[in-house]
Amino acid sequence: MDFPLARQYFYQEIDQPDERIDLAKAALHIAQEEYPQLDPAEYLSALDTMAAEVSERLPAQRYPLRVIQTVNQYLYSDLGFTGNSADYYDPRNSFLNDVIDRRTGIPITLSLLYLEIARRIDFPMVGVGMPGHFLIRPDFEGAGICVDAFNAGEILFPEDCKERLSRMYGHRVALQPEFLEPVSPRHFLARMLSNLKLIYVSQGDAPRALAAVDRILLLFPETPTELRDRGILYYQLGYRPEAIRELEVYLARVPGAGDAGAIRQLVQRLRSDI
């Protein structure tokens, strides 16, 4: 099986300590598998330009809310970035180059855009993986707010986050502290790839779903469910020995999994067909 050049670039970027991973560059290498002619430097330069234009607009007193308002005005009012509610599951929403070109995306990619501008203007922000909807927040003590990059940079207080969770689940949900904990670069990228994986699985696009799983496993090689899913995708693509190998590793690591019986039956069937 071929190992695309973009995958090699992606691996080079993530094969270092978390604090040194360039999220934008890694995200562009994800997109590079879909767009082999993509030049990451072009889009990194676009981010530099956007940040420089925001810097020119910043007030002399850089109070957090004023900074956020300035970024919001620039991104959403001036440039017209918006959350893609109309076609949320379009794969292009998960590719940073498309988000920049089309000025629309999903919560995590619009959050990435926002974070990259914030980083370039020396305004510390982090991503937070609140269930169901990715947010960002200023990264300093006592900030007490989150920003919803999908909804025009809406400022959310903890009670707002709690109400949003309750609406999402249809009942009152306690806002657990871990919901607003910073997301590491690796988990950030894995969440982006998981979105792509789910989209491609729903579209019946096994080769692209497999490519997403492969990259998740570059980030987290020991994830049993991803090994299982890679085995199933190998099976769907007709790679039987590879499917058996991955599924047996999954069973060895989580023999008591709820789907272990079904996976064992699949492995037996695959072995009998070889």
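The values are calculated or read from the model by the stated rules, or taken from the named source; none is laboratory data. It should be emphasised that the depicted structure is a prediction, and the values quoted were computed from it without experimental measurement. Neighbour counts are summed over all protein chains in view; Cβ atoms, including those assigned to glycine, are modelled from backbone coordinates with ideal geometry. When the accessible area is computed, the model is the full protein with side chains, heavy atoms only, and any ligands, DNA or RNA have been set aside. Shrake-Rupley method; radii C 1.70, N 1.55, O 1.52, S 1.80 Å.
Could you list all residues from the range 141-175 that are modelled with pLDDT of 85 or more and over 26 Å from residue 104 (Cβ atoms)?
Passing the criteria: 157, 159.
Taking the stated definitions as given, is residue 137 charged (D, E, K, R), under 25 Å from residue 93 (Cβ atoms), within 13 Å of the chain's Cα centre (by Cα) and surrounded by 13 or more Cβ atoms within 10 Å (Cβ to Cβ)?
No; evaluated as a whole, the condition is false for this residue.
Out of the residues in the range 248-274 that are touching a residue at least 12 places away in the same chain (Cβ under 8 Å) and assigned to a loop (DSSP other than H, G, I, E, B), state the one that is surrounded by the fewest Cβ atoms within 10 Å (Cβ to Cβ).
The selected residue is 274.
Keeping to the range 196-239, report how many residues are open to solvent by 40 Å² or more (accessible area, probe 1.4 Å), modelled with pLDDT of 95 or more and either assigned to a helix (DSSP H, G or I) or of a type in the set (D, E, K, R) (or both).
13
Among the residues of the range 100-119, which ones are open to solvent by 10 Å² or more (accessible area, probe 1.4 Å) and in contact with a Lys or Arg (Cβ under 7 Å, 6 or more places away or on another chain)?
The one that is open to solvent by 10 Å² or more (accessible area, probe 1.4 Å) and in contact with a Lys or Arg (Cβ under 7 Å, 6 or more places away or on another chain): 102.
On the given criteria, is residue 97 open to solvent by less than 30 Å² (accessible area, probe 1.4 Å), out of contact with any helix residue (DSSP H, G or I) (no Cβ under 7 Å at 6 or more places or on another chain) and either closer than 20 Å to residue 193 by Cα or not aliphatic (A, V, I, L, M) (or both)?
Taking the combined requirement at face value, the residue does not satisfy it.
What's the total number of residues in the range 122-134 that are crowded, with 24+ Cβ neighbours inside 10 Å and without any contact (Cβ under 8 Å) to a residue 40 or more places away in the chain?
1
Here is a yes/no grid of residues against (1) more than 14 Å from the chain's Cα centre (by Cα); (2) surrounded by fewer than 16 Cβ atoms within 10 Å (Cβ to Cβ):
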residue	(1), (2)
6	yes, no
17	yes, yes
26	no, no
35	yes, yes
67	yes, no
73	yes, yes
83	yes, no
92	no, no
